[in-house]
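Novice: Handing you a structure now.
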Amino acid sequence: MLTIGLTHYLLVAAVLFCSGIFTMMTKRNAIGILIGVELVLNSAGVNLVAFDRYLGPGRVDGQIMALFVIVLAAAEAALAVGICINLYKNLATVDVDTAATLRG
Amino acid sequence: MNVEAYLVPLAPELILLIGACLALIVGVIKTPRQMQWVSPLALVVVLAALLATWRLGVPDGSQGPPGLWLTSLTFYTRCIALGVGLLIVLVNWHQPVAEERGEYMAMILFSLLGVLLTASANDLLVLFFAIELVSVPTYVLIALSREDSRASEAAVKYFFLGAMSAAILAYGLSFLYGAAGTTTLYAFDEGAAVSKLAFGAQMGSHALIGLLLVFVGLAFKVAAVPLHVYAADVYEGAASPVTGLLGFVPKFAGFVALVKIFGACNWELPNTVYWMLWVVAAATMTAGNVLALLQKNVKRILAYSSIAHTGYMLIGLLVGPVAGQGPMRDGVAALFFYVAVYGAMNLGAFALFAAFRTGGRPMETLDDLAGIAARAPLSALALAICVFSLMGLPPTAGFLGKLYIFSSAFSLDESHAFCGPLIVLAVIGVVNSAIGAAYYLRIVAAAYMRGEVDESIPTGGRPVRWGLALCSIPMIVLFAWPGGLANQARNATIVLHDSIRPVHARLTTTTDATEHQQQPAAFRPHQAPRRGAPGKPAAP
């Protein structure tokens, strides 16, 4: 019988992290990139809670930090929407490849 | 515990917070008459915070709420961030032209507040949020800075790369938490501060992954390779006054955070981390300088120059703190000195672009700059001082900054395991400074040697010109009398030295209630020469 240990949770988080980075690298839509960012932030959250559970009993530090990471994710999502609307007003698209007037 | 004991030591931070909220409230009333009060309000807030810093003096490490540790590093950061913050407010005085000035000034104040909190953070959570408090307002600032598709494009690029680096930083910090078992950086035991991230050079894989990811996350803030790609586009897209802020505020906060985390590791970094930092430093300097040579837009040149300067500062970070030494030998003190000087000289260069318009648009290219010396000799002189300072020519403070950084590497102890590679790195830095001279001279030459292409009209108004003057004059003054700033930079590194870490009593952590004591603190004197502590060299 397989017992679920810390490593398994870390693996899940690592998969989330890699998916998030991959999403950010490949998506051209601003909202898609934001989803990638959220995946990576959630991988941090999974890690924190898993460490809390397996480092020893009675720990809350990681859980508190995970909560705050969720707060940050919410704040960034709000900001992202604002910035995307701003881009849409100027360029009528949220495709980040279209926004490429700044070149060296 | 009475409330004052928590609040009074945080007076500068609280003043900034209240001031930022006031600016937001004033910003709601969007009449032109109210708008003109916003910039003076921001100026008064920063001045009040500076005054509070001065009145409080150097914190002795015994006060302040849990999660924060107010030390000489806090004091130095408050002085520098608020000092340069004052100049930033002056340079941004008339920004933006549209009616969002209240929000705009509030964002500047929030960003400065983030820098101050970064320096005091004693908890990974606080550190992470302080760093994000620095970054998040800057995204808004870029978008607000002008009504232009280029500004919104710059904001999108900066925001998404910034959000990615923040997420990577969070992931890295989660590993550091897993390795350390606590989110605290320093715990206070038997009256002495104990590093909680002291894994030793043979750290486990969690700690190593954590450190590497934290560095990658912070590399964005300081604009180091490979997360430097945004710099040129963002600098070009944002309005010049914001660009001056972008070159300093996130960079300063990023370096303070790196110093804090490496300090909490007792500077015992594994060879992997050392070599990675070495490669990043060399690549950052070289990429910044070489790419700057290819640019025509002055803002892009200065963006790549900002990357190159990050490379020089990384040398100081690699050398690390050397106990009881001034910035000539102590890498971190040299880094702190350099980043302060860099903040002012970089802002000064951008202030000139904020002060003039050519052909109906803000000044940007070398052609726009042509002939400015004939039209506005004093402004051109200030620009020349700032650019010579960026280049590292005497008699400017930029020269001293580079001298400190390089001499700290050259004077490393022979027994230091990375003595050889660091000297090579310093040589690369010197060669890079010489390459850098080429493009800096093009800026000065355009201003002084060429005739006017398009008429440049001063638009900045008096505060911007004051800001420009106050950026350039200290460059000369600091060259003549660097002692004050150098001493403060040295004092700021005291907390990083294991053997002389200030005694501390009262700070509590949520993890371990037994780690704090109730005796009053006894802080060692800040005058480093009298301390005479042996101090352990920063061996990796």
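The values are calculated or read from the model by the stated rules, or taken from the named source; none is laboratory data. Keep in mind the model is a prediction, meaning the values are calculated, not measured. All Cβ positions, even for glycine, are placed from backbone atoms using ideal geometry, and neighbour counts span all protein chains on display.
Novice: Among the candidates B:Ala308, B:Ala323, single out the residue that is surrounded by fewer than 24 Cβ atoms within 10 Å (Cβ to Cβ) and of a type in the set (A, V, I, L, M).
Specialist: B:Ala323
Novice: Let me ask something else about it. Considering each of B:Ala308, B:Ala323, B:Ala292 in turn, give the residue that is under 19 Å from B:Ile494 (Cα atoms) and either in contact with a strand residue (DSSP E or B) (Cβ under 9 Å, 6 or more places away or on another chain) or touching a residue at least 12 places away in the same chain (Cβ under 8 Å) (or both).
Specialist: B:Ala323
Novice: Right, A:Thr101: in contact with a helix residue (DSSP H, G or I) (Cβ under 7 Å, 6 or more places away or on another chain), among the hydroxyl-bearing types (Ser, Thr, Tyr), free of Cβ contacts under 8 Å to residues at least 40 places away in the same chain and within 9 Å of another protein chain (Cβ to nearest Cβ) or not?
Specialist: Spelling it out, A:Thr101 is indeed in contact with a helix residue (DSSP H, G or I) (Cβ under 7 Å, 6 or more places away or on another chain), among the hydroxyl-bearing types (Ser, Thr, Tyr), free of Cβ contacts under 8 Å to residues at least 40 places away in the same chain and within 9 Å of another protein chain (Cβ to nearest Cβ).
Novice: In addition: Which one is surrounded by the fewest Cβ atoms within 10 Å (Cβ to Cβ), of the residues in region B:137-156 that are among the small types (Gly, Ala, Ser) and at the interface with chain A (Cβ under 7 Å from one of its Cβ atoms)?
Specialist: Result: B:Ser149.
Novice: Give me the residue from region B:1-60 that is of a type in the set (Phe, Trp, Tyr) and assigned to a helix (DSSP H, G or I) and, out of that set, farthest from B:Leu90 (Cα to Cα).
Specialist: Once the filter is applied, the top-ranked residue is B:Tyr6.
Listed here are the residues, each with its yes/no results for (1) in contact with a Gly (Cβ under 8 Å, 6 or more places away or on another chain); (2) in a helix (DSSP H, G or I); (3) within 14 Å of another protein chain (Cβ to nearest Cβ).
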site	(1), (2), (3)
B:Leu258	no, yes, no
B:Gly263	no, yes, no
B:Thr272	no, yes, no
B:Leu277	no, yes, no
B:Ala282	yes, yes, no
B:Lys299	no, yes, yes
B:Ser305	yes, yes, yes
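Novice: Restrict the check to region A:21-40 and report whether at least one residue is surrounded by 15 or more Cβ atoms within 10 Å (Cβ to Cβ), more than 7 Å from chain B (Cβ to nearest Cβ) and under 19 Å from B:Leu176 (Cα atoms).
Specialist: no
Novice: Here is a further query. From the residues in region B:359-409 that are β-branched (Val, Ile, Thr) and not in a helix (DSSP H, G or I), which one is nearest to B:Met313 (Cα to Cα)?
Specialist: So, considering only residues that are β-branched (Val, Ile, Thr) and not in a helix (DSSP H, G or I), the one nearest to B:Met313 (Cα to Cα) is B:Thr396.
Novice: Right, here's the next one. Out of everything in region B:166-199 that is modelled with pLDDT of 85 or more and surrounded by fewer than 24 Cβ atoms within 10 Å (Cβ to Cβ), what residue ends up being nearest to A:Ala50 (Cα to Cα)?
Specialist: This residue is B:Gly178.
Novice: Let me ask something else about it. Test A:Ser43 against the criterion of being more than 8 Å from chain B (Cβ to nearest Cβ) and of a type in the set (Gly, Ala, Ser), and give yes or no.
Specialist: The answer is no for A:Ser43.
Novice: In this structure, does A:Leu67 turn out to be more than 7 Å from chain B (Cβ to nearest Cβ) and at pLDDT 90 or above?
Specialist: Spelling it out, A:Leu67 is indeed more than 7 Å from chain B (Cβ to nearest Cβ) and at pLDDT 90 or above.
Novice: What are the residues in region A:48-59 that are within 7 Å of chain B (Cβ to nearest Cβ) and over 24 Å from A:Ile35 (Cβ atoms), if any?
Specialist: Result: A:Phe51, A:Leu55.
Novice: Quick one: B:Val134 ticks every box in (1) within 24 Å of the chain's Cα centre (by Cα); (2) within 30 Å of A:Ile31 (Cα to Cα); (3) buried (at least 24 other Cβ atoms within 10 Å of the Cβ); (4) facing another protein chain (nearest Cβ under 10 Å) except a single one, so which number is it?
Specialist: Of (1) within 24 Å of the chain's Cα centre (by Cα); (2) within 30 Å of A:Ile31 (Cα to Cα); (3) buried (at least 24 other Cβ atoms within 10 Å of the Cβ); (4) facing another protein chain (nearest Cβ under 10 Å), only one is false for B:Val134: (4).
Novice: In region A:70-86, which residues are at the interface with chain B (Cβ under 8 Å from one of its Cβ atoms) and surrounded by fewer than 19 Cβ atoms within 10 Å (Cβ to Cβ)?
Specialist: Correct list: A:Ala75, A:Gly82.
Novice: When A:Lys89 is evaluated against the numbered criteria (1) within 7 Å of chain B (Cβ to nearest Cβ); (2) of a type in the set (D, E, K, R); (3) loosely packed, with under 15 Cβ neighbours inside 10 Å, which criterion, by number, is the only one it fails?
Specialist: Unmet for A:Lys89, out of (1) within 7 Å of chain B (Cβ to nearest Cβ); (2) of a type in the set (D, E, K, R); (3) loosely packed, with under 15 Cβ neighbours inside 10 Å: (1).
Novice: Taking region B:102-129 as the region of interest, how many residues are within 12 Å of chain A (Cβ to nearest Cβ) and either farther than 21 Å from B:Leu41 by Cβ or in contact with a strand residue (DSSP E or B) (Cβ under 6 Å, 6 or more places away or on another chain) (or both)?
Specialist: Going through region B:102-129 one residue at a time, the tally reaches 7.
Novice: Sticking with this structure for a sec: What number goes with the only condition from (1) modelled with pLDDT under 90; (2) part of a helix (DSSP H, G or I) that B:Pro226 does not pass?
Specialist: Answer for B:Pro226: the failing condition is (2).
Novice: Of the numbered conditions (1) more than 25 Å from the chain's Cα centre (by Cα); (2) aromatic (Phe, Trp, Tyr); (3) more than 7 Å from every other protein chain (Cβ to nearest Cβ), B:Tyr177 satisfies every one except a single condition; which is it?
Specialist: B:Tyr177 satisfies every listed condition except (3).
Novice: Another question, if that's okay. In region B:61-86, what count of residues is obtained for those that are under 12 Å from B:Leu10 (Cβ atoms) and in a helix (DSSP H, G or I)?
Specialist: 2
Novice: Sticking with this one: Only one of these is surrounded by fewer than 22 Cβ atoms within 10 Å (Cβ to Cβ) and closer than 30 Å to B:Asp368 by Cβ: B:Leu212, B:Leu161, B:Leu208, B:Leu246. Name it.
Specialist: After applying the criteria, what remains is B:Leu161.
Novice: Hey, B:Leu218 hits all of (1) farther than 22 Å from A:Leu11 by Cβ; (2) within 14 Å of another protein chain (Cβ to nearest Cβ); (3) within 20 Å of the chain's Cα centre (by Cα) but one; which does it fall short on?
Specialist: Condition (2) is where B:Leu218 drops out.
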